[in-house]
Each structure stands twice: as C-alpha cells, then as structure tokens.
Amino acid sequence: MSTIKLTVNGKAVSADAEDRTLLVHLLRDHLGLTGTHVGCDTSQCGACTVHIDGRAVKSCTVLVGQANGSKITTIEGLSKGDELHPMQAAFRDNHGLQCGYCTPGMIMSAVDMVHRHSGKLDEATVRQELEGNICRCTGYHNIVKSVLDAAGRMKVANAAE
Amino acid sequence: MGVEGIGARVARKEDKRFVTGKGKYVDDVRVHGMTYAHFVRSPHAHAKVKSIDISEAMKKTGVVAVLTGKEIVEDKIGNLICGWMIHSKDGTPMKMGAWPAMAPETVRFVGQAVAVVIGETRNQARDGADAVEVTYDELPAAASITAAIAAGAPQLHPEAPGNIIYDWHIGDQAATDTAFKSAANVVAMDILNNRLVPNAMEPRSAVAEYDSAEEHFTLHTTSQNPHVARLVLSAFYGVAQEHKLRVIAPDVGGGFGSKIFIYPEEMVALWASKRTGRPVKWTSDRTEAFLTDAHGRDHLTKAEMAFDKDNKIVGLRVKTHANLGAYMSLFSSSVPTYLYATLLSGQYNIPNIYAEVVSVYTNTTPVDAYRGAGRPEASFVVERMMETAARKLKADPAELRRKNFITSFPHQTPVIMAYDTGDFNASLDAALKTIDYAGFPARKAKAKSEGKLRGIGFSCYIEACGIAPSKAVGSLGAGVGLWESAEVRVNPVGTIEILTGSHSHGQGHETTFAQVVADRLGISVNQVSIVHGDTDKVQFGMGTYGSRSGAVGISAIVKAMEKMEAKAKKIAAHHLEASEQDIVIENGEFKVAGTDKAMALANVALSAYTAHNLPDGMEPGLKESAFYDPSNFTFPAGCYVCEVDVDPGTGKTTFVNFVAADDFGRLINPMIVEGQVHGGIAQGIGQALLEGAVYDESGQLLTASYMDYAMPRADDLPSFKLQHTTTLCPGNPLGIKGCGEAGAIGSTPAVINAITDAIGHDKLEMPATPSRVWHAIHMKQAAE
Ligand code: FES
Ligand code: FES
C-alpha cells in the first residue's frame, strides 16, 4: 500500500492503493472517474488514454507509483464547465462516435495529436497517429473527419487567445 | 421533414454524455458492499475435471467464496439453451449436448469456466483464482471442422455421434441436379469463411444484487436485449423468477451480436449474489472476451453455379459445413441455416437452388451471430461465385450481374424468401458512376506502369432484415416471437417519453426514435425522451439485432403514436367544437383544418390529465402502447465496388477507392445511417484483410489478444464514398429496411474480388494478409 498524491483535473487528490494498482483503476475505482475506459489488457486499444503532464498516455500502462506527483487530465476535465472542448464538439458534430466506449481515449489522444502537430494535420497523418486507438463502431471515417475539423477549430481558438 | 424530423441529420442527443465521460456503462456501476468475481478457466480444449481443490484459495486475504459447477448443479440451475430448433434432412431434431454454466465434469474449450472466486477486491478475487488447484485428465481435441468430421475424431458430446449437430437442407435437389445436367457452363469453388471475434470495445460485464427481504434480484448487464435475458434467466436457467428480476442494460459499448446471448458469467454472477449475500461484479478482460464471447462465421463451403449458353444462371448447389464450437449458443443453430441458406439467391433470378448445411461441434469457443449472421456468409458465396463466373465466362462482372438481376417484385426465391421490393440496377448504376468504372482500364494501365497491380471488385448483396415475422420464424423453429413493443407517454405538460423494447448500444436510438415522434407532431426532439434497456420501465421487448430496430422497433412506435394521436384528436375536437376528422397536427398544435382554431399539444395533454372536460366516457390520461409484428422480412440491398492496388513486391493491398451504394428504404437520420455503413464496412474489410481467429491443433486459441488478432485500425482503412438509392419497403408504415449490417455483408466479397482481379488468381483465402497475397502472386508466376 502507498499513498498516491496527484493533481487530477486541477484538483489535488490523494488515495491509498496497492502498489500493483494501475493508474486507470485508481482513476475509475478510487476516484470515481469512470469516463476513462478499459478495452484491453495489452496496451493496444487506447480506451484508457489520459493526459499526464500534458502528454497523452495509456493509463493502463502506468502503475500508480509512476504517476505519483503528476498532473493528470481525464475526459471529465477537458471541457470548461458546460462548454465542450473543440475536440469534443467536433466529435459530436461529425458523428465521430457511436457506442462511445472508445471515445474518451480517442478524444484525449486526438487533442495531444493536434498539439504535437501544431494543428497541421492531413487525413494520412491523422490515420497514422490514431494507430494506438481502436474503434469497432465507426470505421474511423467520421473520427478522422472530427479530428481534422477540431484541428481547425483549435487553431482558431488559439489565435483568438 | 422538419429540421429535426424524418430525413434530417440531427446531431445525436446521447453524445454529450459520451464526449464528456459521463456515459454509464455496466463496469461504471458501483454498489455498496460490492464484491468481484474472477473465473477459474480451463487451459485445455478437452479434458475431464478430476478434482478442484479450493482450500488454498479460501485462505487468501479477501476471498469471500469459491463456487464450482457442483454447487450450480446442487442449486438446480439450468443448463444454457439454444433457442432455435433445427431438424435434419431425416426429420430428427438437432443433437444438443448439455452446457452447464461451470463445467462439473468435462471441459470442451479453452477458457470454459470451472469455478469462480468471489473476492473483496478485483485483485483479491484474481489472487484467489490463481490459488484454486484444478486437476484435469486431458482428452484429445478436435479444433476444426475437418478434424471434427474425420474418421476416429475425438467425440465431444455423447448426444451427437460424429460431432454432427444436424445435417439440414433446403431447396429442390432433383430440380437443381436436372438444371446442372443441361447447363452450358458450371463454375465450382471451395470457399472458406474465416472465423471472427466480434470484439465490441466494451468487454462484457455484470453487476448482480440480491435483496433477501424481497427475494428480488437486480442485474446490470451488457446486453442487446435485456428482456430476453430476463426471460432466459428465469424461465430456463431458473436463477430467479421473472417478476423478481430486474435486468438493466445501461449504456452498452457495442454488441455486433455478441451481447445477444446470455452467457455463463452473467448467470453465475446473479446466482453468486444470492449464494454469498453480497453484490457481485464481473467484468471480462480482453483475453476472456476472446475466449468466451461467441465467435462468428467459420464455414467451409463447396459451391457450384450453372449457367445456360446466354450466361443466365440456371442453378446453384451449395454444401456448407459450419463450425458451432463446443456448445450450441442461443441462436447458433439458425445462423448457418435460416439466416444463411435463405439468402443464397442473392440479387439474382436463380430458378433452382439446393443447399445442404452440416453443423459440427469442435473444441473451440461457441459460434453464434456476429454482425450479419449468416447473411455475410451467403453474400460471400454468391458474390465470389458471380465474380469468378464472370472471369471464366469472359463476361464483364457488372454486366453478368445485371443480366441476372431480379427486376420484378414481389419475387419468390426457391429458398423461402419473398423479396418485396428493390431496384438492383439503380444501386449498381450509382456505384459504377461513383467509382468511374468507365475510366478503370486507363487507371489500371497507369498503375501497371508504376509497378502496381490494380484490381476492381464488385459485390451486389441482399440481406433479410427487420427480424422477424413471428409466425414465420415460429414455423421455422424459433423459440420466441420477434415482434417489438412501444409505449408513448405524453406528460401533462406535453413532453413525451417513448418506451421501447429496442436497445441502443451505439445505434443512436435516443435521436432517431425522437425524430420520428418530432416529425409526426411537429415538435423538437428535445421534447422527447427515449427510455430503453430496463425491464422495470419497459414491459417487454425483443431487443436490437438483425437490423431490426428501425423496421420493427420504430414501426411499434408509429403504431403507438397513431393510437395516442387518435385520442388526442378526440380531446382537441371536443374543446375546439369540431369534428375529430377535421383535426390535423402541425407544429405541436392540433388544428381544425382550414381555420385558425388550434389547441397546443401541451393543452391537450393537460386536459387529458385534469380530466375536467373530456368527451363523455373517455378515460383520463394520454398514454398508449402497441406491439408490432412485421408481416415479412425487409430486404436491404446494394452494390459495393472496391478498387485496390496490390504491391507485387510485398503483397500489400492499398485501397484506391471504396464505394457503397445502398437501398435501405426510408432513412430517418442519414448521418447515423452512414455511420452504420462505415462501421460495417470496416468490419467487412477486417474480415477480408486482417482478422481471423486461429486455433492450433490442440485447440489453443493463438489469437487471444490485440497483439495477435489484427483489428482494423485507422490506417488500415480508406474513407468511404456512400450513395443511397431508395425503394420504400411496402411492409412497414415508414418504408424502412434497416441498415445495421449491410456494410459488413457487402464489403468482404468486394475486397476479395478486387484483390483476385488484381493478381489474376482466384485461390486466395481470408484474411488476405500481405504474406498470403504475395504467395498467391508468386504461385501464379511459378505456374506460368
Ligand atoms: S485499456 Fe489501455 S490500451 Fe487498452
Ligand atoms: S464508438 Fe464504439 S468503439 Fe468507438
């Protein structure tokens, strides 16, 4: 057992957890943040993607001890109150989700992708960058559209800031 | 249509919760005092269970209980059932072996549960399971169709000699044989339909609670049909009584068929919650999902198609062996029979068809419906045959199909189905135009000059959806009726709740169903809520599969709406002092046609509930319900064309263009329909190029994780070009045919037809991985 201290979605939290606990289970079971999902046991599907210190990471690959002290953003912390993040809005507007299970991970990966490419993305790059996120419902067609749409929206939002 | 009515691309009402992480899936459910279940599973494909020693496990910290098959038998919990009776050619009923939820004596596939450990935490349950000592006597295994039907093969069930479940047939054998004798040309093929694992991204999960004071159970479960789950758990398994069991299927993360069935794990969780007196949660991990979710497809087929001298089809003969795995899953028997062989006429006039289907037991995971369920297998046979025939007969593949299209409706095929309507030329033309078929030879030549092998492949599929007319399926052996129910509740303030027996696990019913209501009343979709997935709220329903929610589920809503509107019109007429025949509904108002007299829906509703001034003899309230039983199947159909480049150096296939032209009848929300097609195509391409469940000879599943089973990823797929052509289904009020499975049915043959066209070679098995394609190319070169 260890006491883990984290900043999650802007709030300082601490939890006692077995050392073998994965970050995704800490988020879901201890902190009740069930928006982060588990879709596999081999770090392939990306349903568990969160941001650790600003970078997209599969939270099923991280032991809680490794994350100790870091700043974590989950899907629940992405919108500003009732105002959706441009990536969330783009997924809704472009029908980038069906069952919604892969969606939180997709959105967290995609936000990081847009940042890393400074918003300059094309279809081939988006498809390649989404390699680590599996969706069984959408055939990715509308996910790719959503990410490209959001990249445009995020650029506009950045320019306005 | 209004802006939010039928035909509008309304953004989904459910999406806000999903994009903000507020969806509520089963594993998100937490209840006070909850324990966790972890199953002890067989590592062998076939073995006798000699002994189970739980003593070490019971000593582990946090272990609450260890339960085995013995206790299940003691508590008289029923075996799993198969709900569709098939009779063999000789009239004998199918041979069903017993499937207990946890094996007390014999295990027949890797991953079959023999015991369950209930622990205070997920990890403690797992540690406990690791400490359970099971000794097995290994038996030889039959892990494939070929192995199971070989002489001297290991026998799985004493009930099924030779591992044969049934030997069934359909069509007229003598007439078909005669047609073949007079044929000018016969094309014959061996066709393998590879085994797939559905892989909904949300693993199966269950949270079971027992209230001993009320003797009442609550089960949250990942189900496509919670009422069917309740029925089976009560009537057949005897875990709980129907009126003492509430089944809730909240947000469900995809199903594709795999969440229709009521599996051992959900049943054990429910039973264990009573046995231990504690709520029990079980959530599958991905490897368990690979080992225990019902698989799909897995057919071996020999097919022959006969043509006259004008290239008209005169007959089709098919013999299929279907692998049903180690046990008969809930609808497994119907998939390779009535959902498969009844579609072998495809879009074509085929006067004579004879099909035989032999289903066999193997030491593998049970096989059942997976997106399309039988219809993709039929389409694959017919469309591979058509393409290969075109090559053999030196006919243009589009024109050979056109020549044989059914063009007048209704059309009775020789294999039960009566197609009600369609326009196969329209979808073929739309697809040819979109892909620029005329320009293909030039594109092929250009690709050749760049060292690439260019190919084009067609697939003109048809499916039977809107499952299903209850009387018809009853006569074919189904154990249930396949109608749907709906209830319309107009609240006193004029907002509306629709209760439906359909279940949404990605299909967007909360939006499309609301659009239908909004369209009829001229109100906003935000005034309408859709309630589903809870047996305490919705009285009964058959759930969602077989592309039935539009054609059957919405039709039930329309019927209930008509009843509600008739009553509301009477109330409005009474208040407006008009005749009810003169009342029309527009923009949320009940109007006297041709006048400016009107009463708002909210006022009609309020009047119904205050009941101060209703027509004489009218009951208060505004709530109506309906059951809708379809009169026929619906027949979505379309044409898919795929253009690929194959790299002769690596065998890698790259998509140049993928066109899908579908006729789904009336579309409620085209955006959602297109999403369904995209997802289906991805699964169909997955089958063609990437996916395949592989067992070794001893019955070990070699592809039991995402490291080994190739799921389609974003960079494996192209964007798709979609077209819609429309003939309205005459059988239901809105003319809906259904769109959930078409993509998975139409795409697979188009891809394989394109690759075989590119490499000039018909011997290619799925999945057509680069290695297989490379070998196929070089086999041909070596032969030349
Ligand atoms: S759950 Fe983390 S990658 Fe699948
Ligand atoms: S939306 Fe269902 S898995 Fe992606």
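Taken together, the values in this text are just the output of simple stated rules run on the coordinates, not laboratory data. No experiment lies behind these values; they were computed from the predicted model shown. Positions of Cβ are backbone-derived with ideal geometry, glycine not excepted, and every protein chain shown enters the neighbour counts.
Which three numbers, in whole Å and largest first, are the semi-axes of the equivalent ellipsoid of the protein assembly as shown derived from its Cα gyration tensor as √(5λ)?
On the way: eigenvalues 310, 278, 199 Å².
Largest first, the protein assembly as shown gives 39, 37, 32 Å.
Please report the net charge: other residues with Cβ closer than 14 Å to the Cβ of B:Asp645, K and R +1, D and E -1. Present the calculation step by step, with values, prior to reporting the outcome.
Numbers: positive: B:Arg443, B:Lys444, B:Lys446, B:Lys448, B:Lys452, B:Arg454, B:Lys652; negative: B:Glu450, B:Glu643, B:Asp647, B:Asp757.
Summing Lys/Arg as +1 and Asp/Glu as -1 gives +3.
What's the magnitude of the charge dipole for segment A:86-160 around its Cα centre, counting Lys and Arg as +1 and Asp and Glu as -1 at the beta-carbon? Answer in Debye, nearest 20. Numbers along the way, then the final one.
Working: 8 positive and 7 negative charges, 22 e Å.
The calculated dipole for segment A:86-160 is roughly 100 debye.
Using DSSP to call loops (not H, G, I, E or B), can you name the trypsin sites (Lys or Arg not before Pro) in segment B:402-443 whose Cβ has at most 14 other Cβ atoms within 10 angstrom? Don't jump to the answer; show the numbers that get you there.
Numbers: sites: B:Arg402, B:Lys403, B:Lys433, B:Arg443; in loops: none.
The qualifying sites: there are none.
Compute the convex hull volume of the Cα atoms of segment A:86-160, divide it by the residue count, and report the result per residue in Å³ as a whole number.
Values: hull volume 5.4 nm³, N = 75.
Cα convex hull per residue, to the nearest whole number: 72 Å³.
According to the Kirkwood expression over distinct Cα-Cα pairs, how big is the hydrodynamic radius of segment B:73-213, in Å? Please report the intermediate quantities before stating the final value.
On the way: mean 1/r = 0.0489 Å⁻¹.
Across segment B:73-213, the inverse of the average 1/r is 20.5 Å.
Tally Lys/Arg at +1 and Asp/Glu at -1 over every other residue whose Cβ is under 13 Å from the Cβ of B:Glu304; what's the total?
Net charge around B:Glu304: +3.
Quick check of the Kirkwood formula: for chain A, what is the inverse mean of 1/r over all pairs of different Cα atoms, in Å?
Details: mean 1/r = 0.0628 Å⁻¹.
Computed over Cα pairs of chain A, the Kirkwood hydrodynamic radius comes out at 15.9 Å.
Please pull out the direction-averaged projected area of segment B:171-269, using the convex hull of its alpha-carbon atoms, in nm² to one decimal place.
On the way: hull surface 41.6 nm².
So the mean shadow area of the Cα hull is 10.4 nm².
May I ask you to derive the relative contact order of chain B, considering only C-alpha pairs under 8 Å and at least 6 residues apart, and to give it as an integer percent?
Working: 1990 pairs, mean separation 122.0, N = 784.
Taking the mean separation of contacting Cα pairs over the length of chain B, I get 16 percent.
Which lysines, on any chain, are close to B:Lys48 with Cα under 18 Å apart, when same-chain ones fewer than 8 places away are left out?
The reachable lysines, counting only those whose Cα sits under 18 Å from B:Lys48, are B:Lys70.
By the scheme Lys and Arg +1, Asp and Glu -1, what is the net charge of all other residues having a beta-carbon under 12 Å from that of B:Thr725? Could you put the intermediate results ahead of the total?
Numbers: positive: B:Lys433, B:Lys737; negative: B:Asp423, B:Asp429, B:Asp662, B:Asp663.
Charge balance near B:Thr725 sits at -2.
If you bin the C-alpha pair distances of segment A:2-77 every 5 Å from 0, what whole percents do you get?
Pair shares across the bins are 3, 18, 32, 29, 13, 3.
Could you tell me the distance between the Cα centroids of segment B:299-367 and segment B:39-72, to the nearest Å?
Each part's Cα centre sits 41 Å from the other's.
Mind checking which lysines have their C-alpha under 24 Å from B:Lys319, skipping anything on the same chain fewer than 8 residues away?
B:Lys89, B:Lys95, B:Lys181, B:Lys302, B:Lys392, B:Lys763
For the protein assembly as shown, what is the charge dipole size about the Cα centre, in debye to the nearest 20, if Lys and Arg each add +1 at the Cβ and Asp and Glu each add -1 at the Cβ? Could you put the intermediate results ahead of the total?
Working: 91 positive and 105 negative charges, 241 e Å.
With Lys and Arg at +1 and Asp and Glu at -1, about 1160 debye.
Would you kindly calculate the mean projected area, averaged across all directions, of the convex hull enclosing the Cα atoms of segment B:554-692, in square nanometres?
Values: hull surface 55.9 nm².
For the Cα atoms of segment B:554-692, the hull's average projected area reads 14.0 nm².
Run the helix sum for the protein assembly as shown: -39,500 (n - 2.57) per DSSP H stretch of 4+ residues, divided by residue count, reported at 222 nm to the nearest 500 deg cm²/dmol. Intermediate results must be reported in sequence, preceding the final value.
Details: 25 runs with 265 residues, N = 945.
Taking each H run of at least 4 residues, the total per residue is -8500 deg cm²/dmol.
Using DSSP to define loop residues, name the GluC sites (Glu not before Pro) in segment B:662-727 whose beta-carbon has at most 12 other beta-carbon atoms within 10 Å.
On the way: sites: B:Glu674, B:Glu691, B:Glu697; in loops: B:Glu691, B:Glu697.
In loop regions of segment B:662-727 (DSSP not H, G, I, E or B), the sparsely surrounded GluC sites (Glu not before Pro) are B:Glu697.
Just to check, using Stokes-Einstein with a Kirkwood Rh over alpha carbon pairs, what's the diffusion coefficient of segment B:364-460 at 25 °C and 0.890 mPa s in µm²/s?
On the way: Rh = 16.1 Å.
This corresponds to a translational diffusion coefficient of 153 µm²/s.
Need one word for segment B:5-55: rounded, prolate or oblate. Basis is the Cα gyration tensor (sqrt eigenvalues a ≥ b ≥ c); a/c below 1.5 gives rounded, then a/b vs b/c decides. Numbers along the way, then the final one.
On the way: a/c = 5.83, a/b = 2.31, b/c = 2.52.
Oblate is the answer for segment B:5-55, as a/c is 1.5 or above yet b/c matches or exceeds a/b.
Give me B:Tyr461, A:Tyr101 ranked fewest to most by other Cβ atoms within 10 Å of their Cβ, as a rough exposure proxy.
Details: B:Tyr461 34, A:Tyr101 30.
Taking fewest neighbouring Cβ atoms as first place, the list is A:Tyr101, B:Tyr461.
Hey, got a sec? Which GluC sites (Glu not before Pro) in segment B:567-638 land in a DSSP loop and have at most 10 other Cβ atoms within 10 Å?
Details: sites: B:Glu577, B:Glu580, B:Glu586, B:Glu589, B:Glu624; in loops: B:Glu577.
Answer in residue order: B:Glu577.
For chain B, restrict the atom set to alpha-carbon positions and state the Rg and Dmax in Å.
According to the Cα coordinates of chain B, Rg and Dmax are 27.4, 90 Å.
What's the angle, to the nearest 10 degrees (0 to 90), between helix A:103-116's Cα axis and the longest principal axis of chain A?
The helix A:103-116 is inclined about 70 degrees to chain A.
Could you work out the relative contact order of chain A? I mean the mean sequence separation of Cα pairs under 8 Å and 6+ apart, divided by the number of residues, in percent.
Details: 279 pairs, mean separation 37.9, N = 161.
That works out to 24 percent.
Normalised by the residues of segment A:86-160, what does the relative contact order come to in percent, with Cα pairs under 8 Å and at least six apart?
On the way: 75 pairs, mean separation 38.7, N = 75.
RCO, segment A:86-160: 52 percent.
What list do you get for B:Met671, B:Met618, A:Met1 if you sort them by fewest beta carbons within 10 Å?
On the way: B:Met671 19, B:Met618 13, A:Met1 8.
Arranged by neighbour count, lowest to highest, B:Met671, B:Met618, A:Met1 become A:Met1, B:Met618, B:Met671.
Can you pull a Stokes-Einstein diffusion coefficient for segment B:742-784 at 10 °C (1.306 mPa s), Rh from Kirkwood over Cα pairs, as a whole number of µm²/s? Present the calculation step by step, with values, prior to reporting the outcome.
Numbers: Rh = 10.8 Å.
The diffusion coefficient I find is 147 µm²/s.
What number results when the radius of gyration of segment B:656-751, computed over Cα atoms, is divided by 2.2 N^0.38 Å? Working shown, then result.
Values: Rg = 16.6 Å, N = 96, 2.2 N^0.38 = 12.5 Å.
Rounded to two decimals, the normalised Rg is 1.33.
Express in whole angstrom the spacing between the alpha-carbon centres of segment B:705-737 and segment B:576-644.
The two parts, judged by their Cα centres, are 32 Å apart.
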